[in-house]
Amino acid sequence: MQVLVADKIAASGVEYLRSQEGIEVIEAYGSTKEQILELASGVSAIIVRSETTVDADVIANAPLLKAVGRAGVGVDNIDIEKATERGIVVANTPGGNTIATAELTFTHMLCAARPIAQADHSMKEGRWDRKVLKGTELLDKTLGILGLGRIGAEVAQRAQAFGMKVVAYDPFLTDARAKALNVEKSELEEIWKQADYITVHMPLTDQTRGIIDANAITQMKDGVKLINCARGGLIDEDALLEAIDGGKVAAAGLDVYGREPLQKEHSFRNRKQIVMTPHLGASTEEAQLNVGIEIAETIVQILKKGIIANAVNMPSVDAHTLKILKPYFKLGDILGTLLQQLTPDSIEKLELTYYGRLVELDTMPLTRAIQKGYLKNISGEAINDVNASLLMKRLGIEVQVTKTSTDTPYSELIELVATTESGKKISVEGTLMGRDLEPRIVAINDRDLEITPQNVLLLLENTDTPGMVGFLGTILGRHDINIANMTLNRQKAGSNAIAIFELDERPTEDCITEISSHESIFNLRVIDFRRKA
């Protein structure tokens, strides 16, 4: 497997990649777009920082690509939508440069409070501007933080050490986390009105682009001070310039810009109220070492072990939970495959219910396994953990997940219910049994039974009449098809019955036609677990 390191990372990260058996490293720092396209054609993974763009063209030209790693946090130089469509993991290193960026943010905040950069410039020009270079204190000021992830939380901690009140906006911030961090959870409009300082720590998305724009600035306090060490584009640059010139914004500290490198003629360079640094957020010796090693380890885990951490286009799960869930993945795949082959037409809704001990676990990886099982025989695309949910949405299938403490006869149980366009419901249930935790199907359409899902199942629904088992056995024997096991279920004598035969091989069409001819059989399904996408 080839790994293309397109942007320079710490040498220790590259050395770690080279030390892995079966991995060939291609270092291509400073390559042109054309060179990247050529190199990408045979690689399994690409590692970038912020210089190289992995766009739709690169992804289309990399048929073997399984992962794109960003040595850093921001991933706006990677086409996540196209990667997800292809089932390519996009991973970053959210922890490696946390402290470095938080400290730089606070450096800019201090420079906004005290005119350090301006004083330095004045001194080097031979002046002594002691009387005009007056600043303010951070004590008792209010800091508004937009985005309370790892970096935002570290900034909050440092602000509190300086005696500041911290208010925060984050759509994913829970009351419990806000309380634990000793911050006040607020809406944007409240932050605009309260904050003396505002710092942004969010990814750049369609929703966050220009989150601080002219309209937001007009609602802020006069003399507010703005900091951006996250991603260029979060602050509308034209609006910021106008607010600086009009005195609404007293100072700004910027490490990132809408277009980088910042143009020589950019108006920011002429505003003494703006202190700028050239995207130095992760530029410490410690951060460079951390993100280089972290992304190298992440890529190796994905390529060699299938363990996904720090993915931005799919939920990640910790190693302990993954180990517990692993036996259930096969069961989930089997149930999804079974349900799809039992469904007579397309479905509108797929309901997944987890019972028993599964309720206590993060079942998102298991949900993806079920979706993969359902899709693998009906989708023309390669299905994996990354794109399964996206492909379900494209098919117009609503997926609903429920965890319940309702009692069942089993210590854990998975129930799937599909609703077709005509309103018909088809259900399957399964669990794990025995020392080896082997998958078992324990119900179909609310009829209790026990099946070992191997090879091929022949499922019959029929009016309960004498001689059915003999009839089936005779025909299957005549076609040289061996019955490995069978199970029956009927509600009462003479009512509808369900029979499932575990077969060593798939019946021929002639065999199926002969069985279907029996007047008591009104539904016949062949379930083949050997089929692959």
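The values are calculated or read from the model by the stated rules, or taken from the named source; none is laboratory data. All of these numbers come straight from a predicted model, not from anything done at the bench. All Cβ positions, even for glycine, are placed from backbone atoms using ideal geometry, and neighbour counts span all protein chains on display.
Scanning the range 447-485 for residues that are out of contact with any helix residue (DSSP H, G or I) (no Cβ under 6 Å at 6 or more places or on another chain), among the aliphatic types (A, V, I, L, M) and surrounded by 16 or more Cβ atoms within 10 Å (Cβ to Cβ) gives 449, 451, 456, 457, 458, 459, 460, 468, 472, 476, 481. For first residues located in the range 59-84 and on the phi > 0 side of the Ramachandran plot and in contact (Cβ under 8 Å) with a residue 24 or more places away in the chain, partners that are of a type outside the set (Gly, Ala, Ser) and in a loop (DSSP other than H, G, I, E, B) and lie 6+ apart or on another chain with Cβ distances below 8 Å form the pairs 72/49; 72/92; 72/93; 72/97. Of 54, 75, 58, all but one fail to be more than 17 Å from the chain's Cα centre (by Cα), under 30 Å from residue 285 (Cβ atoms) and buried (at least 18 other Cβ atoms within 10 Å of the Cβ); the exception is 54.
Tell me whether the range 79-86 contains one or more residues that are over 24 Å from residue 206 (Cα atoms) and crowded, with 17+ Cβ neighbours inside 10 Å. No, the conditions are met nowhere in the range 79-86. Of the residues making up the range 397-419, those that are assigned to a loop (DSSP other than H, G, I, E, B) and either outside the structural domain of residue 354 (by TED's automatic domain parsing) or more than 20 Å from the chain's Cα centre (by Cα) (or both) are 405, 406, 407, 408, 409, 410, 411.
Count of the range 221-271 residues, restricted to those that are over 20 Å from residue 194 (Cβ atoms), touching a Lys or Arg at 6+ places or on another chain (Cβ under 8 Å) and either at pLDDT below 95 or assigned to a loop (DSSP other than H, G, I, E, B) (or both), is 4.
Does the range 311-328 include one or more residues that are aromatic (Phe, Trp, Tyr) and within 25 Å of residue 85 (Cα to Cα)?
Scanning the range 311-328 turns up no residue that is aromatic (Phe, Trp, Tyr) and within 25 Å of residue 85 (Cα to Cα).
Residue 368 falls short on exactly one of the conditions (1) of a type in the set (Lys, Arg); (2) surrounded by fewer than 20 Cβ atoms within 10 Å (Cβ to Cβ); (3) over 15 Å from residue 431 (Cα atoms), and that condition is (2). Restricting the range 168-217 to residues that are of a type in the set (Phe, Trp, Tyr) and not in a strand (DSSP E or B), which is surrounded by the most Cβ atoms within 10 Å (Cβ to Cβ)? Out of the qualifying residues, it is 192. Only residues that are surrounded by fewer than 19 Cβ atoms within 10 Å (Cβ to Cβ), of a type in the set (A, V, I, L, M) and part of a strand (DSSP E or B) were counted in the range 486-505, giving 2. When we screen 319, 311 for residues that are modelled with pLDDT under 90, within 21 Å of the chain's Cα centre (by Cα) and closer than 10 Å to residue 91 by Cβ, the only hit is 311. If the condition is being within 21 Å of residue 255 (Cα to Cα) and hydrophobic (A, V, I, L, M, F, W, C), then the range 200-220 contributes 200, 202, 204, 211, 212, 214, 216, 217.
Scanning the range 52-105 for residues that are among the acidic types (Asp, Glu) and either part of a loop (DSSP other than H, G, I, E, B) or touching a strand residue (DSSP E or B) at 6+ places or on another chain (Cβ under 6 Å) (or both) yields a count of 3. May I ask you to verify whether residue 449 is modelled with pLDDT under 90, over 29 Å from the mean Cα position of the chain (by Cα) and in a strand (DSSP E or B)? Answer is yes for this residue.
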